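All remarks here apply to the structure that follows.
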Amino acid sequence: MNGLYTILLLVLSNVFMTLAWYGHLKLQQMGVSNSWPLVGVISFCWLIAFFEYCCQVPANRIGFQDNGGPFSLVQLKVIQECVSLMVFMVIANMLFQGQGFRWNYIAAFGCLVAAVYLVFMK
């Protein structure tokens, strides 16, 4: 169960992370944040990132082997990177339609999947 909780928390964490890192660009496109000073945009993103950390830190603590979880530190990082890319692809397509995916994006994702396989090999 710790492995499942870890992955679910990582997905939620990456939703917040992607919104913190790229959501302000959508707000700018919509004209919502055009008049905000840079410090205002940064503060807004930090507020969202707070919730990212509220999910990321427990995910790592629950999932880490030394805390009774199923994953090594390297495995946690590789899982997080794959989850990050998947969440980014979904959110980018929802918020920034027309970005599309090219063949090399799919190939890069395949390399990440191969990385997960290699990290979990005994």
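The values are calculated or read from the model by the stated rules, or taken from the named source; none is laboratory data. Model, not experiment: these values are computed from the prediction. Positions of Cβ are backbone-derived with ideal geometry, glycine not excepted, and every protein chain shown enters the neighbour counts. Ligands, DNA and RNA are stripped out before the accessible areas are found, and what is left, the full protein with its side chains, is counted by its heavy atoms. Shrake-Rupley method; radii C 1.70, N 1.55, O 1.52, S 1.80 Å.
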Rank-order 77-85, 13-21 by packing density, defined as the average count of other C-beta atoms within 10 Å over each peptide's residues, highest first.
13-21, 77-85
Can you work out ³J(HN,Hα) from phi for every residue in the range 20-33, in order, using Karplus 6.51 cos²θ - 1.76 cosθ + 1.60 and θ = phi - 60°, giving whole Hz and x for Gly and Pro?
5, 7, 10, x, 5, 5, 5, 4, 5, 4, 7, x, 6, 10
Rounded if a/c is under 1.5, else prolate if a/b is larger than b/c, else oblate: which is the chain, with a ≥ b ≥ c the root eigenvalues of its Cα gyration tensor?
oblate
Paramagnetic reach from M94 (point 7 Å along Cα→Cβ, amide N under 11 Å) across the range 25-61
none
Who wins for biggest fluctuation among V11, V57, V87 in a Gaussian network model of the chain, springs between alpha carbons below 10 Å?
V57
Could you state the accessible area per residue of the chain in Å², with a 1.4 Å probe and every protein chain left in place?
66
Picking from L95, L27, L38, which is most flexible by a Gaussian network model of the chain using Cα springs under 10 Å?
L38
Tell me, what is the 1.4 Å probe accessible area of M86, in Å² to the nearest 10?
90
For the range 1-71, what's the relative contact order in percent, using C-alpha pairs closer than 8 Å and at least 6 residues apart?
50
Accessible-area order (highest first, 1.4 angstrom probe) of the listed residues K26, K122:
K122, K26
What 222 nm value per residue comes from the helices of the chain, counting each DSSP H run with n ≥ 4 as -39,500 (n - 2.57) and dividing by all residues, nearest 500 deg cm²/dmol?
-27500 deg cm²/dmol
When only Cα pairs under 8 Å and 6 or more residues apart are kept, what is the percent relative contact order across the range 6-122?
31
Give the carbon-plus-sulfur fraction of the accessible surface of the range 1-85 in %, rounded to a whole number; probe 1.4 Å, heavy atoms of protein chains only.
70
